[in-house]
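Peer 1: I'd like to ask you about the structure that follows.
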Amino acid sequence: MNWGVELWDQYDNLAAHTHKGIEFLDKYGNFVKERCAIELEYAGKLRRLVKNYQPKRKEEDEYQYTACKAFRQLLQELGDFAGQREVVAENLQSNVVRELHLLAKELREERKQHLNEGAKQMAVLSTAVGALERARRSYERAARESERALDAFQKADADFNLSRAEVEKQKTNMKLRSQACEDAKQEYMDQLRKTNEAQRQHYEQRLPHVFKQLQDLDEKRIKNIKNFMLSSVDVERKVFPIIMQCLDGMEQAAKSINEKEDTQLVIERYKSGFVPPDDFRFEPATGADATDSAATTHTHNHLTAARGTVSGNRIKKRGGLLSIFSSNKIIEACNSLKNNMSVDGKEDYSDLPPNQRKKKLQGKVQELTKQVGQVQASMEGLMKMKGVYETNPTLGDPMTVEGQLNECCDKVKKLRAQLRKYEELLVEANNQVCAPPLHPTARTNGSAPTQATSIGSNSESLSRSASESSVSTGAGAGAGGGGRAAGGSPESGLGGELAAAHADHTNGDHDDHNHDHDHDHDHDHDHDQDHDQDHESDFDYYYEPDLQPLGYCKALYAFEANGTGSTMRMECGERLLVLETDAGDGWTRVRRHHTREEGFVPTTYIATTLYADAHAH
């Protein structure tokens with residue numbers, strides 16, 4: 001297939017065809033360019049859509065449900081999908097559009113050169129044909145004049161009236177014309193040979209060469225269009241794996257929606273911790289007016305209590321769990337605890353229902369525990385750095401670290417003070433949420449709660465003996481049960497105070513059952529002491545009659561006692577019981593488990609785990 005052979009006479013059509021081909025190339029380039037713009041616009045609109053539907057700060061609480069989390073994940077995947085559309089547009093712009101415009105420009109220049117060469121060859125052929133035409137006309141003219149001269153000579157020779165001179169004149173003219181005709185004929189023949197040679201070269205060599213170049217140019221254009229289309233497809237195919245990952249992520253997000261889990265989250269979020277109001281009690285009436293008045297009064301009180309329990313806007317009016325009991329002693333006990341804590345309503349979450357307050361306090365305790373751990377880790381690094389500086393003073397001055405250590409110590413003290421404060425509040429919240437209400441049936445038979453729940457009602461408390469003995473002490477002491485249980489822990493103190501107030505309330509209402517009730521608590525107390533003796537060897541429930549351990553610790557570094565008797569030597573990695581936490585002086589009182597040796601060690605040299613911290617996690 002050769003245009004020079006097959007299309008030797010289609011110069012004009014080939015010139016028009018190559019022009020249309022390059023115009024088509026430009027058309028395809030504009031198509032890809034506009035597609036890039038559409039892809040970018042699509043990606044931009046997707047990103048704006050994702051941005052518009054991102055959860056606002058005030059909606060963060062709503063996005064704890066699985067459906068909302070799935071929608072947020074879907075938005076993230078859609079944003080990634082939009083990013084891949086941008087990648088497609090950028091790659092098409094760089095790999096196709098730019099190269100395509102460069103190719104079109106190059107093909108136009110090549111086509112112009114080839115057409116100029118073809119025009120030049122056509123001009124050469126036209127010149128040869130023109131010369132041939134002129135030679136032919138000269139020859140024809142000379143031939144006619146030669147014929148006329150011959151006719152004139154023949155007529156003059158046949159006319160006897162003409163003189164001999166006239167005849168010779170016609171004869172000479174005839175010879176001259178005949179010679180001129182021969183010369184014109186020869187020139188015409190020479191020009192014909194040259195023109196034919198030029199025509200053969202034009203149609204067999206020169207013009208086919210130009211057509212071959214135009215053919216190569218057009219094939220190059222077509223081949224590049226093919227490559228550009230394949231490149232466009234390849235650009236699209238390369239982002240398919242990531243797009244499929246986005247779609248898979250959307251599918252996984254949809255499958256993660258769990259209606260049961262959302263239902264439970266609704267319960268956890270809005271559960272107040274209150275209990276429904278008591279049943280209506282029948283009260284005999286002496287008359288119709290008294291009956292109507294009593295019914296109206298009791299109905300009004302019942303509905304008011306129900307609204308205070310169910311409605312979130314009136315929860316504050318019930319005063320938490322304390323509204324369940326009518327005893328003033330319980331209210332006084334809890335108010336005294338709140339006053340001792342010196343925390344306003346916003347910090348201790350007292351304006352929230354009991355269950356919600358417990359959740360907030362648990363989160364605060366976890367946050368403070370994490371902060372304490374971070375500061376302690378920083379202190380460990382600073383102490384190691386100080387040790388390195390003391391070992392090799394050329395690396396740095398140990399005193400430069402001292403200020404940072406003191407700052408960290410102050411920060412740890414403040415955080416631990418806040419942690420203890422919120423732990424006490426959490427104990428109070430746990431007792432409020434977990435203390436069983438006095439059911440009318442229980443008030444009839446005189447039974448009373450026998451257990452106060454400490455941090456983590458579903459997990460172990462500080463110790464079984466400490467938690468249960470605090471209730472026993474409160475129940476047995478009556479109005480004087482506001483003191484702490486053995487060990488002096490905040491959890492035991494709060495449990496004893498609430499239990500004491502609760503027991504006073506029960507005793508005030510049911511004097512008939514005091515003796516049996518006290519006997520039951522004494523029996524429980526004896527049982528708790530036997531239980532503690534069984535676990536005397538256990539580390540978590542180790543109990544001392546004089547001072548109960550608050551937790552345990554692990555020595556991070558070795559420490560040598562100063563010989564004054566108040567400090568105690570310890571080895572790196574040794575586990576000790578914590579008797580008293582740091583009171584702000586940088587020392588912690590500990591006891592060695594087996595030898596029962598007691599003393600003070602530097603707080604920064606140990607990693608302390610209090611029982612409250614352990615069970616909170």
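Peer 1: Identify all lysines with a Cα-Cα distance to K169 below 23 Å; exclude those on the same chain that are fewer than 8 residues away in sequence.
Peer 2: K155
Peer 1: Counting only heavy atoms of the protein chains, get the accessible area per residue of segment 37-118 (1.4 Å probe) and round it to a whole Å² value.
Peer 2: In whole numbers, segment 37-118 has 61 Å² accessible per residue.
Peer 1: Oh, and also: How high is the FRET efficiency from E367 to K271, r the C-beta distance, R0 25 Å, rounded to 0.05?
Peer 2: According to the calculation, E is roughly 0.70.
Peer 1: I've got another one for you. Roughly speaking, what is the stretch gain from K155 to A377, that is 0.36 nm per residue apart minus the C-alpha to C-alpha distance, in nm to one decimal?
Peer 2: Contour length minus Cα-Cα distance gives 65.8 nm.
Peer 1: Here's a follow-up. Measuring from label point to label point, each 7 Å out along Cα→Cβ, what is the D410 to R141 span in nm?
Peer 2: 12.2 nm
Peer 1: What FRET efficiency would be calculated for the residue pair K238, H17, taking the C-beta separation as r and a Förster radius of 30 Å, to the nearest 0.05?
Peer 2: 0.25
Peer 1: Sticking with this structure for a sec: Which whole-Hz couplings ³J(HN,Hα) result when phi for each residue of segment 10-16 is put into the Karplus expression 6.51 cos²θ - 1.76 cosθ + 1.60, θ = phi - 60°, listed in order with x for Gly and Pro?
Peer 2: 10, 4, 5, 5, 5, 4, 5
Peer 1: What Rg and what Dmax come out for segment 154-265 when only alpha-carbon atoms are used, in angstroms?
Peer 2: Taking only Cα atoms of segment 154-265, I get Rg and Dmax of 45.6, 148 Å.
Peer 1: Sorted by packing (mean other beta-carbon atoms within 10 Å per residue), highest first, where do 415-427, 592-604 land?
Peer 2: 415-427, 592-604
Peer 1: Per residue, what accessible area does segment 156-247 have, given a 1.4 Å probe and all protein chains present, in Å²?
Peer 2: So segment 156-247 comes to 67 Å² accessible per residue, rounded to a whole number.
Peer 1: Then there's this: Once you have the Kirkwood Rh of segment 206-256 from its Cα pairs, apply Stokes-Einstein at 25 °C and 0.890 mPa s and quote D in µm²/s.
Peer 2: It diffuses with D of about 171 µm²/s by this estimate.
Peer 1: Pop out the ³J(HN,Hα) list for segment 250-267 in order, Karplus 6.51 cos²θ - 1.76 cosθ + 1.60 with θ = phi - 60°, rounded to Hz; leave Gly and Pro as x.
Peer 2: Calculated HN-Hα couplings, in order: 5, 5, 4, 4, 5, 6, 6, 5, 10, 5, 5, 5, 5, 4, 5, 5, 4, 5 Hz.
Peer 1: Sorted by packing (mean other beta-carbon atoms within 10 Å per residue), highest first, where do 195-205, 376-386, 88-98 land?
Peer 2: 88-98, 376-386, 195-205
Peer 1: If you don't mind, another one. Can you tell me how much longer the chain between K112 and S94 gets when fully stretched, taken as 0.36 nm per residue apart minus their C-alpha distance, in nm with one decimal?
Peer 2: 3.8 nm
Peer 1: Another question, then. Taking K223 as the anchor, which lysines have their alpha carbon closer than 25 Å to its alpha carbon, excluding any fewer than eight residues away along the same chain?
Peer 2: Straight-distance partners of K223: K20, K27, K33, K105, K112, K212, K238.
Peer 1: Using the basic label-point model (7 angstrom from Cα toward the beta carbon), what is the K105 to T394 distance in nanometres?
Peer 2: The answer from the label model is 6.4 nm.
Peer 1: In straight Cα distance, which lysines are under 23 Å from K58, not counting same-chain residues fewer than 8 positions off?
Peer 2: Those lysines meeting the cut-off are K69, K271, K316, K346, K358, K359, K360, K364.
Peer 1: Also: What nm distance separates the two modelled labels at E347 and A119, each placed 7 Å from Cα along Cα→Cβ?
Peer 2: Result for the modelled spin labels: 9.4 nm.
Peer 1: Calculate what fraction, in whole %, of the accessible area of segment 1-141 sits on carbon and sulfur atoms when a 1.4 Å probe is rolled over the protein chains.
Peer 2: Ligands and nucleic acids excluded, carbon and sulfur reach 52 percent.
Peer 1: What FRET efficiency, computed as 1/(1 + (r/R0)^6) with R0 = 51 Å and r the Cβ-Cβ distance, is obtained for Q205 and K169, rounded to the nearest 0.05?
Peer 2: About 0.45, to the nearest 0.05.
Peer 1: Length gain on complete extension for the stretch M1 to K212, per 0.36 nm per residue less the alpha carbon to alpha carbon distance?
Peer 2: Full extension of this stretch gives 75.0 nm more.
Peer 1: Can you give me the long-range amide H partners of I606? Hydrogens built in the peptide plane at 1.01 Å from N, cutoff under 5 Å, separation of 5 or more residues or another chain.
Peer 2: L556
Peer 1: Each residue of segment 197-205 in order: what ³J(HN,Hα) in whole Hz does its phi give by Karplus 6.51 cos²θ - 1.76 cosθ + 1.60, θ = phi - 60°, with x for Gly and Pro?
Peer 2: Computed from phi, the couplings for segment 197-205 are 5, 5, 5, 4, 5, 5, 8, 9, 10 Hz.
Peer 1: In what sequence, highest mean first, do 51-57, 550-556, 262-268, 170-176 appear when ranked by Cβ atoms within 10 angstrom?
Peer 2: Highest to lowest by the protection proxy: 550-556, 170-176, 262-268, 51-57.
Peer 1: Taking amide hydrogens as modeled 1.01 Å from N in the peptide plane, which residues meet the under 5 Å criterion relative to T567, leaving out close sequence neighbours?
Peer 2: Result for T567 returns N562, F600.
Peer 1: Once amide H atoms are built 1.01 Å from N in the peptide plane, which residues 5 or more positions from E597, or in another chain, come under 5 Å H to H?
Peer 2: The answer is R592.
Peer 1: Using a 1.4 angstrom probe, figure out how much accessible area segment 351-417 has per residue, in square angstrom, rounded to the nearest whole.
Peer 2: 57 Å²
The values are calculated or read from the model by the stated rules, or taken from the named source; none is laboratory data. The shown structure was predicted, so the numbers you read here are calculated from the model rather than taken from an experiment. So basically every Cβ, Gly included, is an ideal-geometry build from the backbone, and we count neighbours across all protein chains shown. Only protein heavy atoms, including side chains, enter the accessible area calculation; ligands, DNA and RNA are left aside. Shrake-Rupley method; radii C 1.70, N 1.55, O 1.52, S 1.80 Å.
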